[in-house]
Amino acid sequence: MSIYDRDYYRQEQPGVSLSAPRSIVVTLIIINVAAYLANGLFTPDNQITALMAANGATLFKPWMWWQFLTYGFAHAPGFQHILFNMLGLWFLGRDIEYHYGRKEFLRLYIMMLVVGSLAWAIGEAAMGYSGGMVIGASGAVAGVVVLYALNCPRRTLLLFFVLPVPAWLVGVLIVVSDLFGASGQLGDTHIAYTVHLAGAAFAFLYYQFGWNLTGLTTGRFSLSRLKPRPKLRVHDPETKRRDLNEEVDRILEKIHREGEGSLTKKERRTLEAASREYQKRQ
């Protein structure tokens, strides 16, 4: 089971329920859009966005450190800012979520937001600035783009929704443009390039070293591991098929929760057996 062949298991199969919790990507988009609409509808002076934004002084106010996260759900009044961020998250984030699992993707997204804002705040403090503020999901989205390029380097993407290019090239272009922007070559001082680069750097390190954020926040051993795992019983063909479907359903749910990397060899063999069985029935 890989990030490339998941479509088979999304097909409707007899006796197999493929219902799953709502995607984290969808939930994140809903939160971002809700915050954007609330700011525009209820605070004409953008008070909600100003409250959620991180600024140059946040680093020195521990009681305001929650802004290092909330800034990532606030966007500029113009629709272009939130539109392009949410499009990037929607088109690329779903495959990354599926690959790493819902819980791991959520932790990864939050970490990229926090790392990006911290890097920006430290840079502001080092330069002696204190009046600016940072908003937007761009740092985490840049990290999602880099992860996509690393996991699916040869998959074709439409650059500017027109030009077909490999995913690795999109990742390179994003990072190079941010490097030029951070060095002042692009001349736009209203974009927090440091946030983008920090999110992309964290994504690269995450991939390169095979980090697992879920393992850092949950115990290595838990009572759930003591529960007996369901075993396939060999009886008549109908019973065997039903038991196989139930086991596949459990494995698919595990992939949604923890990612495909959490599967054991036995579980992978079970998916292969289910694939062969389904092909026979076809």
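Does PHE91 satisfy the condition of being touching a strand residue (DSSP E or B) at 6+ places or on another chain (Cβ under 9 Å), within 22 Å of CYS152 (Cα to Cα) and surrounded by fewer than 20 Cβ atoms within 10 Å (Cβ to Cβ)?
Details: touching a strand residue (DSSP E or B) at 6+ places or on another chain (Cβ under 9 Å): yes; within 22 Å of CYS152 (Cα to Cα): yes; surrounded by fewer than 20 Cβ atoms within 10 Å (Cβ to Cβ): yes.
Criteria met by PHE91.
Return the total of residues in the stretch 258-270 being surrounded by 15 or more Cβ atoms within 10 Å (Cβ to Cβ) and either in the same structural domain as VAL25 (by TED's automatic domain parsing) or under 19 Å from ARG102 (Cβ atoms) (or both). Give the derivation first.
Of all residues in the stretch 258-270, those surrounded by 15 or more Cβ atoms within 10 Å (Cβ to Cβ) come to 258-260, 262-263, 267, 270.
Now narrow it down to the ones that are either in the same structural domain as VAL25 (by TED's automatic domain parsing) or under 19 Å from ARG102 (Cβ atoms) (or both): 258-260, 262-263, 267.
Of the residues in that region, 6 qualify.
Going by what's in this entry, would GLY128 be described as closer than 17 Å to LEU87 by Cβ and either among the β-branched types (Val, Ile, Thr) or in the same structural domain as TRP65 (by TED's automatic domain parsing) (or both)?
Spelling it out, it is not the case that GLY128 is closer than 17 Å to LEU87 by Cβ and either among the β-branched types (Val, Ile, Thr) or in the same structural domain as TRP65 (by TED's automatic domain parsing) (or both).
Yes or no, residue by residue, for (1) more than 24 Å from PHE68 (Cβ to Cβ); (2) at pLDDT below 95:
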site	(1), (2)
LYS103	no, yes
LEU106	no, no
MET111	no, no
TRP120	no, yes
GLU124	no, yes
VAL145	no, no
LEU157	yes, yes
PHE160	yes, yes
LEU163	yes, yes
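For every residue, the table says whether it meets (1) modelled with pLDDT of 90 or more; (2) crowded, with 18+ Cβ neighbours inside 10 Å.
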{"site": "ARG6", "(1), (2)": "no, no"}
{"site": "ARG22", "(1), (2)": "no, no"}
{"site": "LEU37", "(1), (2)": "yes, no"}
{"site": "THR58", "(1), (2)": "yes, yes"}
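Does the stretch 96-110 include one or more residues that are out of contact with any helix residue (DSSP H, G or I) (no Cβ under 8 Å at 6 or more places or on another chain), hydroxyl-bearing (Ser, Thr, Tyr) and surrounded by fewer than 24 Cβ atoms within 10 Å (Cβ to Cβ)?
Within the stretch 96-110 (the criterion being out of contact with any helix residue (DSSP H, G or I) (no Cβ under 8 Å at 6 or more places or on another chain), hydroxyl-bearing (Ser, Thr, Tyr) and surrounded by fewer than 24 Cβ atoms within 10 Å (Cβ to Cβ)), the answer is no, since none of the residues qualifies.
Please verify whether the stretch 103-119 includes one or more residues that are outside any helix (DSSP H, G or I) and either closer than 20 Å to LEU205 by Cα or in the same structural domain as SER262 (by TED's automatic domain parsing) (or both). Walk me through how you get there before you give the answer.
Of the residues in the stretch 103-119, the ones outside any helix (DSSP H, G or I) are none.
No, the stretch 103-119 contains no residue that is outside any helix (DSSP H, G or I) and either closer than 20 Å to LEU205 by Cα or in the same structural domain as SER262 (by TED's automatic domain parsing) (or both).
Give the residue, chosen from VAL165, VAL172, VAL145, that is outside any helix (DSSP H, G or I) and over 22 Å from GLY56 (Cβ atoms).
Result of the check over VAL165, VAL172, VAL145: VAL165.
Hey, among the residues in the stretch 121-138 that are part of a helix (DSSP H, G or I) and among the hydrophobic types (A, V, I, L, M, F, W, C), which one's surrounded by the most Cβ atoms within 10 Å (Cβ to Cβ)?
Checking each candidate, the answer is ALA121.
The values are calculated or read from the model by the stated rules, or taken from the named source; none is laboratory data. Just so it is clear, the structure is predicted and the values come from calculations on it, not from any experiment. Cβ coordinates were reconstructed from backbone atoms using ideal geometry, including for glycine residues, and neighbour counts include every protein chain displayed.
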